[in-house]
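Only one structure is covered here, and it is reproduced in the block below.
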Amino acid sequence: MSGSNEMKMLVAAGAIGAYFIYRARADKTEWVPSAPFHWERKRAAMADLEAKDIIVITDFDATITSGDSEQCHDLVGGSKLLPDGFRSEFAPLLDWTTNTNIDGVEWWDQAHALMIKHGTPQRNIIPRLVREAKMVPRPGALEMLQHLERNGIPVLIVSAGLTDVIEEFLRQHGALSENVTICSNRLNYEADATPKSVAPEPPITSFTKEYAYSSASSFFSQHADRRGIIQLGDSLTDVDPAKKVPYDHLLSIGFLNARPDGRKHAEAFDAVVIGNNGSLRPVAELLNEIVGHPAGIMRSFSTLSSMSGAALTRTRSWTGAAPSP
Ligand SMILES: [Mg+2]
């Protein structure tokens, strides 16, 4: 297929995906393949993959956690458990109506500089900070992580948040397992109770996620023979971490959360999960298929039918390609 035809198909796929997202909202279904024919083609191409062939690259905030959870930096910057002076200096960074001139990577630099300046959060308060925050797992997230652990599938969490908060959250939910690597911003306490610096420098931000390949180089070299990637995220930039990674197969699942317009997500991701509490269970089922069964194109259809009832019915009538269940 020529490049321009491929581009036309992608544009058409995005438009069709946006329509299905619109319909799925109306039908209260949670999961829609952005472009059914693309999904089926990609999924069928992955039919021979097994657990030993895949890695999962996932965002953390509003992906592993629910869409309306507090996010790492908000949780630290707004916590009443931390000193008043720190909170009042941090507040402008959390005010998205007035901080428009503090954007991009500079935001992270300022946020981290304030933590170091005020020597907060102290190391020993982090468990309480996380426990008392409104930060909850997305439905199906813990099951998915357990599934990945059980099957020894490596997980790389690429997050513009804070490693210390993510680790503590996973620990409190019994999900900080050996197969999980976190590529995010870590507070460096040296031998002290207060943070002395934040690593890496420059920080991992929403705008720089494609550097994950070099930031988490040992993860990728250790798993270089795994050529299939399952990628999860709620922001459009969450597709960036795999940009520099060599792979043969990639399936991406985007979390729309409460965003009113799904068009860009439909273009960026192979499937979209809708709603702040849209479930990760279909992803667990997809992984289960890869782990549990040998090759077979029929599986892609069974996956789709377990994903989305009403939206899929329309998918079938539109493509005319899927067999009866
Ligand atoms: Mg996120």
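The values are calculated or read from the model by the stated rules, or taken from the named source; none is laboratory data. If you're wondering where the values come from, they're calculated on a predicted model, not measured in any experiment. Please note: Cβ atoms are built from the backbone with ideal geometry, for glycine as well, and neighbour counts cover all protein chains shown.
With respect to the conditions (1) outside any strand (DSSP E or B); (2) more than 13 Å from the chain's Cα centre (by Cα); (3) surrounded by 20 or more Cβ atoms within 10 Å (Cβ to Cβ), residue 274 falls short on a single one, namely (1). Within the stretch 58-84, being of a type in the set (A, V, I, L, M, F, W, C) and within 13 Å of the ligand (Cβ to nearest atom) holds for 60, 62, 64, 72.
Residue by residue, here is whether (1) hydroxyl-bearing (Ser, Thr, Tyr); (2) farther than 25 Å from residue 287 by Cα; (3) within 16 Å of the ligand (Cβ to nearest atom) holds:
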| position | (1), (2), (3) |
| --- | --- |
| 147 | no, no, no |
| 154 | no, no, no |
| 167 | no, no, no |
| 170 | no, no, yes |
| 180 | no, no, no |
| 183 | no, no, yes |
| 187 | no, yes, no |
| 193 | no, yes, no |
| 198 | no, yes, no |
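Before we move on, is residue 77 under 24 Å from residue 128 (Cα atoms) and out of contact with any helix residue (DSSP H, G or I) (no Cβ under 9 Å at 6 or more places or on another chain)? No. Could you tell me whether residue 39 is within 16 Å of the ligand (Cβ to nearest atom) and modelled with pLDDT under 95? No; evaluated as a whole, the condition is false for this residue.
Okay, residues lined up against (1) among the hydroxyl-bearing types (Ser, Thr, Tyr); (2) within 30 Å of residue 223 (Cα to Cα); (3) touching a residue at least 40 places away in the same chain (Cβ under 8 Å); (4) outside the structural domain of residue 172 (by TED's automatic domain parsing):
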{"position": "76", "(1), (2), (3), (4)": "no, no, yes, yes"}
{"position": "91", "(1), (2), (3), (4)": "no, no, no, yes"}
{"position": "95", "(1), (2), (3), (4)": "no, no, no, yes"}
{"position": "104", "(1), (2), (3), (4)": "no, no, yes, yes"}
{"position": "121", "(1), (2), (3), (4)": "no, no, yes, yes"}
{"position": "142", "(1), (2), (3), (4)": "no, yes, no, no"}
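Summed over the stretch 252-271, residues that are basic (Lys, Arg) and either within 16 Å of the ligand (Cβ to nearest atom) or under 15 Å from the mean Cα position of the chain (by Cα) (or both) total 2. Taking the criterion of being away from the ligand (no atom under 16 Å from the Cβ), surrounded by fewer than 18 Cβ atoms within 10 Å (Cβ to Cβ) and of a type in the set (A, V, I, L, M), the only residue of the stretch 212-249 that qualifies is 224. When residue 98 is tested against (1) within 16 Å of the ligand (Cβ to nearest atom); (2) at pLDDT below 95, only condition (1) is not met. Which of the residues spanning the stretch 168-211 are surrounded by fewer than 17 Cβ atoms within 10 Å (Cβ to Cβ), in contact (Cβ under 8 Å) with a residue 40 or more places away in the chain and part of a strand (DSSP E or B)? Hit for the stretch 168-211 is 197, nothing else. Taking the conditions (1) closer than 22 Å to residue 220 by Cα; (2) in contact with a Ser or Thr (Cβ under 9 Å, 6 or more places away or on another chain) in turn, residue 234 satisfies each one other than (1).
Within the stretch 32-60, residues that are in the same structural domain as residue 182 (by TED's automatic domain parsing) have Cβ atoms under 7 Å from residues that are within 16 Å of the ligand (Cβ to nearest atom) and part of a helix (DSSP H, G or I) in these pairs: 57/241; 57/242; 59/238; 60/166, counting only partners at least 6 apart in sequence or on another chain.
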